[in-house]
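**Student:** Here it is, the structure, as structure tokens.
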Amino acid sequence: MSNRSDRNNLLAAQECAERIGLTARALRLYEKRGLIKPRRSEKGWRLYGADEIARLHEVLALKQLGLSLARITALLQGKAVDLDRILTLQQAALREQHSRTERGLSLVGAARAKLSTGGSLSTDELIKLAKEATMSETQTDEVAWRRYEQARPRSAITIDPALLDGYVGDYRLTSGLILSISRRGDALLLESSGQMPVELFAESATKFFLKFPAAQVSFVPGPGGRAEALVLHQDGHESMAERISADEARRIAEALGRRVQSNLPHPDSETTLRRVIEEHQAGHRYVEKMSPELAVAVEEQFSLVSAALLAKGALEALRFNGVGQSGVDVYEARFAAPGVLECGIGWTDDGVIHTLWLRPVP
């Protein structure tokens, strides 16, 4: 019974190609590359079922993310289909594309409205229009590759425990955040400012991964095996953190403690949060003073956040609730519509925003 049902769901090459939007020639190319292995009918005709179509979806999604066919072949060959991971990456890419399209339409509409009233576009306006509406950025092959690489499943291996001591210590990201590496038996733990420690699992002698979120840490060993720096791999980014002394890490931690104890917000927190909310409700992005990683996150989530904030109506009050344990300023935002949002914003010492979130209060 199941065999008969399976046969009924199989597609011939031409039908499969037409329904997916490919050519039969492309199917043969993917087969030649080892990406798909269609079954054969009694007469030798190629037949494509759910497994082959799922793999084709992976191939097309990765092409959309910017990977070359050579990279896709190297990545997928011999590996099982993982649609959930692919769909997660594809969802993020489509949201980013949707946000860029909306922004482009907004800019073009504003430019046309200005021209229709006899106005002219300044040099700055023309440059912004060209960059944002016409020459929208796309993910490079390297960025797409890193995102996929960081999201793939990983397997832990056992390494020489003697290596671990060389990784223990404190490291400072360019954002100013501190990553502390400690050892518990034969396990390494990662702790970021104000957060609970999480275990790192080895996938090589120098590279480790977190089970959640999808992120990895690579150590850069110096003479004698003592790491001079580490690289945090997350969200398609690779952020370098230089090793700092225990005394410097202690001074930074003490400064954070004093800030939490003082319970005084950063002088620009309230103004910036108001600006973020206002710009999102007006359909504009506001990424000034944000770290590159945070700016990308804002871009990708813009459509969802903008629609949610617009539905809440005018901002009526923004009340400071205190400084969280990680040094993030926490606020309560009340709008014309019912419901309260809790907002968090965190700054580096040199005035860069490294954390920003808005979430409903239960």
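**Student:** Give, in whole angstrom and from largest to smallest, the semi-axes √(5λ) of the equivalent ellipsoid of the range 290-362, with λ running over the eigenvalues of the Cα gyration tensor.
**Tutor:** 22, 17, 9
**Student:** OK, next. Might you tell me the accessible area per residue for the range 262-354, computed with a 1.4 Å probe and given in Å²?
**Tutor:** 46 Å²
**Student:** Also: Could you pull out the longest piece of the chain with no exposed loop GluC sites (Glu not before Pro) in it, calling a site exposed if DSSP puts it outside H, G, I, E, B and it has at most 12 other Cβ atoms within 10 Å?
**Tutor:** Value returned for the longest uninterrupted segment is 138-287.
**Student:** Here's another thing I want to ask about it. Tabulate in residue order the Karplus-calculated ³J(HN,Hα) for the range 299-307, using 6.51 cos²θ - 1.76 cosθ + 1.60 with θ = phi - 60°, rounded to whole Hz; enter x for Gly and Pro.
**Tutor:** Per-residue couplings from phi come out as 4, 5, 9, 4, 4, 5, 5, 4, 5 Hz.
**Student:** Okay, helix-only estimate at 222 nm for the chain: each DSSP H run of n ≥ 4 adds -39500 (n - 2.57), divide by all residues, round to 500 deg cm²/dmol; what do you get?
**Tutor:** -13500 deg cm²/dmol
**Student:** Additional query: What percentage of the solvent-accessible surface of the chain, computed with a 1.4 Å probe over protein heavy atoms, is contributed by carbon and sulfur atoms?
**Tutor:** Roughly 53 percent, rounded to a whole number.
**Student:** Please report the base-10 log of the normalised intensity I(q)/I(0) for the chain, using a Debye sum with one equal scatterer per alpha carbon and no solvent, at each q in 0.09 (1/Å).
**Tutor:** -0.71
**Student:** Using alpha carbon centroids, what distance separates the range 219-259 and the range 168-201, in Å?
**Tutor:** Distance between centres, Cα-based: 8 Å.
**Student:** Once Lys and Arg get +1 and Asp and Glu get -1 on their Cβ, which of Gly185, Leu62, Val361 lies farthest toward the positive end of the dipole of the chain?
**Tutor:** Checked the options; the winner is Leu62.
**Student:** A further question on this structure: Tabulate in residue order the Karplus-calculated ³J(HN,Hα) for the range 243-250, using 6.51 cos²θ - 1.76 cosθ + 1.60 with θ = phi - 60°, rounded to whole Hz; enter x for Gly and Pro.
**Tutor:** 5, 10, 6, 4, 5, 5, 4, 5
**Student:** Also, I was wondering about something else. Would you please classify the overall shape of the range 279-321 from the alpha carbon gyration tensor, given that a ≥ b ≥ c denote the square roots of the eigenvalues, rounded means a/c under 1.5, and beyond that prolate means a/b larger than b/c while oblate covers the rest?
**Tutor:** Oblate shape, in that a/c is at least 1.5 and b/c is the bigger or equal ratio.
**Student:** Something else: Among rounded, prolate and oblate, which fits the range 236-349 when a ≥ b ≥ c are the square roots of the eigenvalues of its C-alpha gyration tensor, a/c under 1.5 means rounded, and a/b larger than b/c means prolate?
**Tutor:** Oblate, because a/c is 1.5 or more while a/b does not exceed b/c.
**Student:** Looking at this model, which pairs from Lys37/Lys79; Lys63/Lys207; Lys114/Lys312 are more than 19 angstrom apart at the alpha-carbon?
**Tutor:** Pairs exceeding the cut-off: Lys63/Lys207; Lys114/Lys312.
**Student:** Next question. Exposed loop sites here are trypsin sites (Lys or Arg not before Pro) in DSSP loop states with at most 11 other C-beta atoms within 10 Å. What is the longest stretch of the chain lacking them?
**Tutor:** Here the longest segment lacking exposed loop sites spans 80-362.
**Student:** Suppose a student asked you for the relative contact order of the range 273-360, using Cα pairs under 8 Å spaced at least 6 residues apart; what percent would you report?
**Tutor:** 23 percent
The values are calculated or read from the model by the stated rules, or taken from the named source; none is laboratory data. Because the structure is predicted, anything quoted here is derived from the model rather than measured. No Cβ is skipped: glycine too gets one built from the backbone with ideal geometry, and neighbour counts run over all protein chains shown. For accessibility, only protein heavy atoms count, side chains too; no ligands or nucleic acids. Shrake-Rupley method; radii C 1.70, N 1.55, O 1.52, S 1.80 Å.
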